[in-house]
1. Using Cα pairs closer than 8 Å and at least 6 residues apart in sequence, work out the relative contact order for the range 3-155, in percent.
2. Please report the spacing between the Cα centers of the range 60-117 and the range 256-281 in Å, no decimals.
3. If every alpha-carbon in the range 258-304 counts as one equal scatterer, what log10 I(q)/I(0) does Debye give at q = 0.20 1/Å?
4. Determine by what factor the alpha-carbon radius of gyration of the range 133-218 differs from 2.2 N^0.38 Å, reporting the quotient.
5. Kindly work out what percent of the DSSP beta bridges joining two residues of the chain are antiparallel, to the nearest 5.
6. Which of the trypsin sites (Lys or Arg not before Pro) found in the range 1-42 are in a DSSP loop and have at most 15 neighbouring Cβ atoms, other than their own, within 10 Å?
7. Compute the orientation-averaged projected area for the range 81-188 from the convex hull of its Cα atoms and round it to one decimal in nm².
8. Please give every one of the lysines within straight-line cross-link reach of Lys154, meaning a C-alpha to C-alpha distance under 19 Å, and leave out same-chain neighbours fewer than 8 residues apart.
Amino acid sequence: MSLVLSTHGKPLPSLTRVVLGRLTSAPLDPGLRQDHILMTASLPCEIDLRGYCGVLTCASIPPDQAEALARSASPIIHNIASLDHLQDGDVVSLSPTGSVRTLYRLASPHNSILVTERCNSFCVMCSQPPKSIDDSALIGRHLRLIELIDFNTKELGITGGEPTLLKADLLRLIERCKVLLPSTALHVLSNGRLFYYGSFARDLAAIGHPDLMIGIPLYSDIDWEHDHVVQAAGAFDQTLVGIQNLGQYGVPVEIRVVIHQHTYKRLPNLAEFIYRNLTFASHVALMGLEVMGFAVPNLSELWIDPVEYGTELAEATRFLANRGMNVSIYNHQLCAVPREIWEFCNRSISDWKNDYLPECEECVVRERCGGFFSSSLRHRHSSGIRPIRF
């Protein structure tokens, strides 16, 4: 099942703006409270709530106490049904509407920051459909979130929308990560089109982040096929130049290929194109379709059972691997792909949206298998799913 990433309660009037903070269940000394949100099942009368950036509680605050607390204590959301999905070290946002959103989970290896919902492409299978809104003012929250993320986090994603639309603000985010999270690998998902401007790629490289990867999709070796998938004329040329500019300035690039009806036939051709033109790529990811967002209304146009493109997937994977390129298969179930390429299959689906079918319980390779997107199980999955018993 997918994890709970939000909850809701009743805010006191003192919560007048969105607040971000790191959770603690233990009361802290006053000098340590300013970055923390105290979470507590109950509210003992002797507990001091001053100085925290927020308080979460399952207790229901009576009206006669609410006014006094709103004047003297930290911003409070009360009457929350459960805090069981939260733990110390997580980072959440508190909204004046009473919403509590989880922005970072300490125990998860799959944390990312959605920095914008705008995009300059309109991919037919986009799992996060773009919105035509001005969300540039949210940069302050993103920078604040980076300040609150645990120093020992191994990897952090930056995603959208299209993060490069932030332009200089994206560079600010990456610079902030370099300074505050120097040991954290940073993976930025981008369509690569704005790196067509060499100065942007150069400025990104100049930050000197020690462990940065830009993940860029390429859907065909033929320009019009790629442009059709992303629904943007000229995108193929812009993306290729962008990737080459990043390579020129030494910024590591991952090539990402989502496999569906429009892309599977030329997988071997695309693999050869990548090898001959983008050999410097640090990684190539061949990815299963996430049935979410635009993929749902376009499913009849997009869907192909993974068992039907196993030959093309194996040929493309082996072609790249045999020539020394780092290649992985993401978002696939082991029983749905040829066994000869199991070694390239990764458990890549974020834990908060990863799921399995009941028949998977009997499978001896379940712990190695990527499983399913929770959303895909609501719509369609491979007909080849079966427990492996050797």
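The values are calculated or read from the model by the stated rules, or taken from the named source; none is laboratory data. Since the structure is predicted, the reported quantities are computational estimates derived from the model, not experimental observations. Don't worry about glycine lacking a Cβ; one is built from the backbone with ideal geometry, like all the others, and counts go over all protein chains shown. For the accessible areas, the whole protein counts, side chains as well, though only heavy atoms, and no ligand, DNA or RNA atoms are used. Shrake-Rupley method; radii C 1.70, N 1.55, O 1.52, S 1.80 Å.
1. 27 percent
2. 44 Å
3. One equal scatterer on each Cα of the range 258-304 leads to -0.72.
4. Normalised by 2.2 N^0.38 Å, the Cα Rg of the range 133-218 equals 1.04.
5. 30 percent
6. Here the sparse-neighbourhood loop sites are Arg17.
7. For the range 81-188, the mean projected area of the Cα convex hull comes to 7.9 nm².
8. Once the sequence-local lysines are set aside, what remains near Lys154 is Lys178.
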